[in-house]
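The values are calculated or read from the model by the stated rules, or taken from the named source; none is laboratory data. Quick caveat, the model's predicted, so the values are computed rather than measured. In this analysis, Cβ positions are derived from the backbone assuming ideal geometry, glycine residues included, and neighbour counts consider all displayed protein chains.
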Amino acid sequence: MVREFNAKFWFPSLKSFFNSFYHITVDITALIIKAIWHNFPVNPNSQVIPLRLFVEQTLKRSQTGWSTLLSALFYLMRIKPQIKILWHNPDSWSLNSKDDKGGDPDPATCGRRMFLASLILASKYLLDQNCANNTWSKKCGLPVQQINVIERRFLDLIDYKLFIGEDEYKIWIQNVWKLHRLLINNQIGKFYLINVVSF
């Protein structure tokens with residue numbers, strides 16, 4: 001005898017699962033950003049919201065889908081070697097020459113801005129219908145000019161290599177699932193992540 005489908009029985013559990021899955025994914029995103037950019041100094045006088053809250057709000061406002069987020073995080077890992085090189089060369093932490101003391105800080109030194117740039121580029125690369133930079137400006141509260149700057153800087157870091165091979169993507173998904181399991185079981189430390197997701 002076929003058991004009648006009971007929506008009240010299934011949906012609460014399913015909703016609970018996806019809520020847990022979403023929050024763990026936000027945690028993974030924040031940990032990846034922190035692991036790559038943890039060496040860069042943060043202005044103690046700057047008034048910024050906690051990193052995890054920033055990630056959560058950015059994902060909600062941009063309505064980022066799962067595949068876009070996975071690709072964006074992969075892009076962050078792809079530029080990780082460049083960020084490491086940048087950290088060892090503090091004289092290049094400005095978009096202008098080091099002789100120009102009024103130069104703007106290099107956005108590549110900011111994990112939040114690079115995460116935003118990775119989302120924008122992943123969205124543009126994967127989706128047929130995606131947002132223009134002026135729409136991203138409204139969603140994240142940055143001027144369009146700054147959106148353009150961080151987008152170009154990220155493209156420079158990643159050498160315009162936005163394509164992800166099938167084998168690379170499968171390995172990356174396996175790494176993300178590994179992180180999910182570790183976080184669920186409370187078996188991951190703040191800086192252990194850097195080894196777990198290394199290529």
From 68, 135, grab the single residue that is crowded, with 19+ Cβ neighbours inside 10 Å, in a helix (DSSP H, G or I) and of a type in the set (S, T, N, Q). 68
Scanning for something modelled with pLDDT of 90 or more and either farther than 28 Å from residue 48 by Cβ or of a type in the set (Phe, Trp, Tyr) (or both), does the range 126-135 turn up at least one residue? yes
Write out, first by first residue and then by second, each pair whose Cβ atoms fall under 7 Å of each other, whose residues are 6+ apart or on separate chains, and whose first residue, in the range 162-181, is touching a residue at least 12 places away in the same chain (Cβ under 8 Å) and under 14 Å from residue 77 (Cα atoms) while the second is surrounded by fewer than 17 Cβ atoms within 10 Å (Cβ to Cβ) and of a type outside the set (A, V, I, L, M). 162/125
Matching residues in the range 169-199 - criterion: being at pLDDT below 70 and in a loop (DSSP other than H, G, I, E, B): 186, 187, 188, 189, 190, 191, 192, 197, 198, 199
